[in-house]
Structure formats: structure tokens, C-alpha cells
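Taking it in order: structure first as C-alpha cells, then the write-up.
No lab work stands behind these numbers, since they all come straight from the coordinates. Note that the structure is predicted; figures quoted are calculated from it, not measured. Because the Cβ atoms are built from the backbone with ideal geometry, glycine has one as well, and the counts that use them run over all protein chains shown.
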Amino acid sequence: MRKTLLLSMAICALSACSGGTTTPDPTSHMDNFITQLKKDYPVSLAQIAPGVWVHSTNYTLPGQASIASNGLVVMDNDELILVDTAWGELATLSLLETLKEKTGKPVTKLIITHHHMDRIAGVDVAERQNIQVFTHPETPRLAAMQGYPVPNTSVSTLKAPKSRSKVGPVEIAFPGHGHAEDNLVVYVPSANILYGGCAIRSAGSTHLGNIADANLKTWGPALAWVKATYPETKIVVPGHGKGANLSLLDDNLALIAKRVNAETETETP
């Protein structure tokens, strides 16, 4: 009901609808829509270094508690690079409006770290605003197979494991199949910040979460490569929950090894 109301408000604002002969005021309609949008889909922005923020929004699955989802924002001169959308189209629109208000700078580039909805849900909203999108080359296909929003572009040079590519002041890397077969990580050299998306579990995690698309055999080596490639990392930001320093990768490697050992013991006759 709330989504329907907000979408109706958006259409009304954009079309400058009005009743009677009163001169429409599209600015007023849009201001009201944005105010309601931010109220219903609040965004948290936490600055973790000069020109670098973690964005967090919440999503509620039916019958479950609200889930917080993280992404990254990196300043690129007079523009912003967004890493992962919010979990939902309206939440992503709220995120983009909040960034515009807080920084005064437009988002011009979007990096999506894999094809799951908590990363990609707002890609159509971003593309509608002419934001350039960067993904693993398999991400559009995998998203389409799941019926998720499909990015219009990808980065062909990220196809092979251990490949890297630059987007402005940040580096995108494909370590190999881990949480998902297209999971990317993003590194900010100026601040020694590593964003792992869902390839890295949060501090204090006791399990690997959703592993429906994971490859437990290659996930560990992929994270080991990330650790060796970015040894100067000071802050690691996961896709959900709290971050830590580079030791978070060791914790994740231990979780993976524990799960692999458990499955091996189960398979042993």
C-alpha cells in the first residue's frame, strides 16, 4: 500500500497533476514526494574516511526481522561513485536523494558487486538517472535468470578470476567464485578501504549465511587472494553488519574451512 502511494505521488509530481484550474506546482509535488520517501525509506550514511561513506538501508522479508544492507559511496572530484544499490527501488531513490542533499554532488557511476537483490534491486532507478553501471560480465545473465533487474552494461575485463579494473579512484576486483559466481570486491587505495559485499561476512558472524549460489571450494582461495592483493587494508566493509580490519578475512576463511570440514565429515562413509 505504501509503495503504491509513493509511486502514485511520484507520477503525480512528475506529471504536475492538479485538480480544477489551479496552476500546478510541480516543485511542491516533488518536494512532498521526496519528504515522504525519505521518511518511509530512511538512509544511514556513515563517513569512514575523507570522501568515503558507508550507506545502510533496511529491508524486511515476509515473516522475518528487518535486515540491514550496506554499500559504499566514494567521492570522485565533483561526482560520486556508488557501490551497490539499496535493497529496493524506492529505497535506492531515497538513497540517491539523500546523497544529493548531504554532499551536493551527483552519483555518476554505480558498481554492483553481484546479481542478488540486496545489491542490484535499484539498478533500473540508477540507469533511469543516466548513472553508468559497472558489473561482472556474468551479472546481467544471472540477474535475468532470477527475474531480477538487469543491468545494461558490464565490464568484460573482469571475467577471469584474479582480474582487476579501475573506475575513477577505486579498483574493482573479481577474486573468483565465492558467495556468488560473479561476486566483486572494491578497493579504495586513498583510504585503504576494502568493500567486500556479500563475499565477506560481518564481524562476529558464526555462519556463512545464504550459500545457495556459493562455491565453498573456491571461496577460501578467492578471499586468500584478496588478502594478499590488498595487504595495506585498514578497514573492511561487508555487505551486511559491522566491519573490521583485515583480520575479518581470516575470520571468514575460518568460517569457510569449518563449513567445508563439516560437509566432508558428512560425506565420509
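Taking Cα centroids, how far is region 204-265 from region 79-134 in Å? Taking the Cα centre of region 79-134 as reference, the centre of region 204-265 is 26 Å away.
Given a Förster distance of 35 Å, report the FRET efficiency between Thr229 and Lys105 from their Cβ-Cβ distance, rounded to the nearest 0.05. Please report the intermediate quantities before stating the final value.
Values: r = 29 Å, r/R0 = 0.84.
FRET efficiency, Thr229 to Lys105: 0.75.
Relative to the longest principal axis of the Cα atoms of the chain, the long axis of helix 26-40 makes an angle of roughly 40 degrees. Name the residue from Val185, Met117, Pro169 whose Cα lies farthest towards the positive end of the charge dipole of region 105-217, charges +1 on Cβ of Lys and Arg and -1 on Cβ of Asp and Glu. Comparing the listed Cα positions along the dipole, Pro169 ranks first. When only Cα pairs below 8 angstrom with a gap of at least 6 residues are kept, the chain shows a relative contact order of 11 percent.
Taking every C-alpha pair closer than 8 Å and separated by at least 6 residues, the mean separation divided by the residue count of region 141-251 gives a relative contact order of 23 percent. Calculated FRET efficiency, Ser247 to Thr218, Cβ-Cβ distance, R0 = 25 Å: about 0.70 to the nearest 0.05.
When each of the peptides 83-95, 122-134, 242-254 is scored by how many other beta carbons lie within 10 Å of its residues on average, the order from highest to lowest is 83-95, 122-134, 242-254.
Using helices alone, I'd like the mean residue ellipticity at 222 nm for the chain: each DSSP H run of four-plus residues gives -39500 (n - 2.57), total over residue count, nearest 500. Intermediate results must be reported in sequence, preceding the final value.
On the way: 8 runs with 97 residues, N = 269.
It lands at -11000 deg cm²/dmol.
Here Cα extents along the principal axes in Å was computed from the coordinates, and among (1) 93, 50, 32; (2) 79, 43, 33; (3) 57, 39, 32 the match is (2). Of the cross-linked pairs Lys159/Lys234; Lys217/Lys258; Lys39/Lys102, those separated by over 18 Å at the C-alpha level are Lys159/Lys234. Scanning residues 5 or more positions from Ala86 or on other chains, those with amide H under 5 Å from its amide H are Thr92, Gly122, with H placed 1.01 Å from N in the peptide plane.
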